[in-house]
Every structure is written in structure tokens, then in C-alpha cells.
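The values are calculated or read from the model by the stated rules, or taken from the named source; none is laboratory data. Please read all numbers here as calculations on a predicted model, not as lab measurements. Positions of Cβ are generated from backbone atoms using ideal geometry, with glycine treated the same way; all protein chains shown enter the neighbour counts. Heavy atoms of the whole protein, side chains included, go into the accessibility calculation; ligands, DNA and RNA do not. Shrake-Rupley method; radii C 1.70, N 1.55, O 1.52, S 1.80 Å.
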Amino acid sequence: MNFFDNEYIAKDDDDFASDNWNETDWRRYLTQIDVETTLFLKKFIQLRHIINHLDLIAIQMGWTQQEDHSIEAIIQKRWREGPQTLHKHPVYIVTHGLYHFLYKNWELYQESMPQFNPQISWIYARLLAIGEHNALLGIACMDAEDLVLAICHFKSALQSVNHSMGLIQKAPSSSEKATILIHDAVLACFDLREVWLRVMANCRDIEKNDDDDDENE
């Protein structure tokens, strides 16, 4: 099934080392984030049919330790090298990578189904954009420790991804390639749901613990 796998992956794999943080170095830093996203995406493509593949990818990406391999640990851990920006947050990388996968998946599906309804195609693309927008805002709020607001944005993102799944599951398929593309799109949507639901649960736990601490003071 590798006739389309490479099409999902960004081609910019240039690495670099940065010591000074002028504009040029920040641009290189952003390129390195793209490299990390590409690495996640390659692992997702390779492991996507394995049970608990997100937890396994988290270990391989170095986001969590073998003895604590749940994806919840992604939320708590940041990389140790370089500036600690939102771009390096593992949940950002997972979300950005899976949306890259979904956009490319849809391009390939449309190539395999050239007569597909353009209006439905536009609605699906718009739902993807709305979902990604809200998820990234949720990650930013989580990074700023505005956890209740983060939950609100993730709920909006979940609504969009649920509608996206509803559309793609009804999409026609006239070839093996189209069938595989639809299956993979649904899989990526489920992974987005799983990550965000766990993030929301973690945010609620943190809020509850903070409230308990305030009551005990």
C-alpha cells in the first residue's frame, strides 16, 4: 500500500544547529520544527495500523519515557534543547502533522475520483481548516495555562473533525486506492480525536487539582 505513502511527506529534511537567535536563526528554527513534524508523519505512516500507535510514536519521538508511555505524558513534556516555544509542543506537532496528512490525503483522493462533487469537497476542506484553527488556538491557550479556554477550543475542533469524518465516510469509492485513502483519512481523524480528548481530560484534572488546592488553603 505504499503507492501513495511518500506523497504525504514534506520533502524538506535539512537539519541545522542554531546558537544565535536573530531572524535568520528563527527561520531555521521553524524549519527544524518542520523536520520534526515530518519525522512524526513518517512514523505515523509506518505505524498507523498498529494498536496504540500514538503511544508508540511518542516513545520513538522521545516525548516520553518507556516506563511512562501514555500519550498524556506528551502534554507535560517539552524538548530540552533550544527555546521552549509552542511550536515544539508535541501536541502541536501531532496536530499539525495529522492535518498535513489529511490535506494531502484529500488531494490524492480527488485525483483518484475526478468527478467527485466539488461542493462537498469545499465543505470538507473548510471543516479541516476550522478544526485545525481551533485546535491550534487550544494548544496556545494550554501553553498559556488558560485551560478552560483551551477546552472550549478543543471542543470546537472535535465538532469539526466529527463532521469531517461524517463526510469522508460517505465519500464514494471506485478503486482500491480510493478505499485506502478514505480508510486512512478516518484513521487520522480518530487519532486527532484521541489526542484532543486526552488533552481535555488532562486539562480538567489540572483544573480540579488547582481548585482542590485552593479549597485546602
Inset, instruction - At 1.4 Å probe size, with every protein chain present, just tell me what the per residue accessible area of the stretch 159-214 comes to in Å². - result: 50
Legend entry - Accessible surface of the stretch 117-202 [probe 1.4 Å, protein heavy atoms]: carbon and sulfur percent: 59
Inset, instruction - Round to the nearest 0.05 the FRET efficiency obtained for residue 53 and residue 122 when R0 = 30 Å and r is the Cβ-Cβ distance. - result: 0.45
